[in-house]
Amino acid sequence: MNKKAVYLVFIFILYLFLLKDYFNLILATIVFAYFTEVFIDVFSKLREKVVNLWDKNFDNDKIKKIQLITLFIGFFRKLRINVLFVYIFYLFSIIFLVLFIFIPVINNVKNVLSIGVSKFPLVLENVKNLLVKYNIPVDVSKIPVDIGKVVDFVLNYLIKLVGNLASNLGDWFILILVPLLSMYFISAKKQFLEWIKEREGGLLSHFFIQFDRYQKVYVMAILTNILSIVVLSSIVFSLVLGIEGISFGVVYGLFSFIPLVGPVVGSLPVIIVSFSHSVFFGFGMIFVVFIIQQISDNFIMPKTVEKFLTINPFLSIISILGFYKFLGFWAVFLAVPLALTLISLIEKFNQQSE
């Protein structure tokens, strides 16, 4: 690397050090920008396919006489797929998820827990009788009957935890500031990559170019994996619980991309509601969730990642855990591309050394 490249790295590190209090804002901007780029590509390709399908298959067809469809296609053809469009899509998606998915699921779980608190002494007595009947040497007398206090403590702790997480994200202005910064980041990133490729052309340019490529591909893999699990879990849960199972499937799918704890947290609502029907139904749902998780881990996730990236699943988890120390929550989105970039950088360095 030449002196200009070293100077550039030094300025970048100094910039992060001076803005360490805003580090989460910087990382949020980077993640938002890459998700936005991927969504722009996806929506642009979707628009192109819809318009081409319309032009090829419905030329001089009777369906074109329907003014509403014709106006929609005309609007869709002229629609500008940019950061503003994706931002509006984000807002509507968040509103929909909060109003029609998360609030109903939370209310359902809350009602189940409230009923469960009142029925817990009876359930405890039934469990005790069952253990006595089959001569199982377990002392259930130590289990607290006044479970209401335990539930209140857990709920209050969760409320405080959510409040602390929300406060760490900063004020509500971040919802406006991050998209605005991402607009600048996307445009500046293209110019920066072109500049560093022309000026430096060594390991530093290789690092940024490879990271940019891996990050886009990884975001696409995340979105594809989440969508696949949402569809699978929604179908399975709806077959078991009816129409409300779709909401639980969406929650489970959205949490599924978080390694280790994500599937557990995402499956808790549907398991709690299942236990409200019966104990056997609850354990049956645990088995169903286990099967879905195995399908996700052994078929959906490997096929999805293999389609976009070549990385060992174990390396993926290790990289997220390793970078979590420095990146916090954002390591879920940035750690794997960084690990792949570093591996690529080491390979290129070894090639140059030979």
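Each row is one residue, and each column tells you yes or no for (1) outside the structural domain of residue 335 (by TED's automatic domain parsing); (2) surrounded by 20 or more Cβ atoms within 10 Å (Cβ to Cβ); (3) over 30 Å from residue 114 (Cα atoms).
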residue: 215; (1), (2), (3): no, yes, yes
residue: 254; (1), (2), (3): no, no, no
residue: 268; (1), (2), (3): no, no, no
residue: 284; (1), (2), (3): no, no, no
residue: 292; (1), (2), (3): no, yes, no
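Inspect all residues belonging to region 296-306 and state whether any of them is at pLDDT below 85, outside any helix (DSSP H, G or I) and either small (Gly, Ala, Ser) or touching a helix residue (DSSP H, G or I) at 6+ places or on another chain (Cβ under 7 Å) (or both). Steps first, answer last, please.
Just the residues of region 296-306 that are at pLDDT below 85, to begin with: 296-306.
The next check asks that each one be outside any helix (DSSP H, G or I); those that pass are none.
Scanning region 296-306 turns up no residue that is at pLDDT below 85, outside any helix (DSSP H, G or I) and either small (Gly, Ala, Ser) or touching a helix residue (DSSP H, G or I) at 6+ places or on another chain (Cβ under 7 Å) (or both).
Would you pick out the residues in region 271-294 that are among the β-branched types (Val, Ile, Thr) and more than 18 Å from the chain's Cα centre (by Cα)? Let's see the steps before the verdict.
Step one: of region 271-294, the residues among the β-branched types (Val, Ile, Thr) are 271-273, 279, 286, 288-289, 291-292.
Selection gives 271, 272, 273, 279, 286, 288, 289, 291.
Applying the selection to region 253-262, what residues are in a helix (DSSP H, G or I) and either more than 8 Å from the chain's Cα centre (by Cα) or at pLDDT 90 or above (or both)? Spell out how you get there, then give the answer.
Let us first name the residues in region 253-262 that are in a helix (DSSP H, G or I), namely 253-255, 261-262.
Scanning region 253-262 gives 253, 261, 262.
Take residue 228 and tell me if it is modelled with pLDDT of 85 or more and touching a Gly at 6+ places or on another chain (Cβ under 7 Å).
Working: modelled with pLDDT of 85 or more: yes; touching a Gly at 6+ places or on another chain (Cβ under 7 Å): no.
It is false that residue 228 is modelled with pLDDT of 85 or more and touching a Gly at 6+ places or on another chain (Cβ under 7 Å).
Please count how many residues of region 77-96 are outside any helix (DSSP H, G or I) and in contact with a Ser or Thr (Cβ under 8 Å, 6 or more places away or on another chain). Before the answer, list the steps.
Narrowing region 77-96 to residues outside any helix (DSSP H, G or I): 79-82.
So of that shortlist, the ones also in contact with a Ser or Thr (Cβ under 8 Å, 6 or more places away or on another chain) come out as 81.
Looking only at that region, the number is 1.
Output the number of residues of region 194-252 satisfying the condition of being more than 30 Å from residue 345 (Cα to Cα) and part of a helix (DSSP H, G or I). Before the answer, list the steps.
Our first condition is that a residue be more than 30 Å from residue 345 (Cα to Cα); within region 194-252, this holds for 227-252.
Adding the requirement that they be part of a helix (DSSP H, G or I) leaves 227-241, 245-252.
So the count comes out to 23.
The values are calculated or read from the model by the stated rules, or taken from the named source; none is laboratory data. Computed from a predicted structure; not experimentally measured. Using ideal geometry, Cβ is built from the backbone for each residue, glycine included, and neighbour counts are taken over all protein chains shown.
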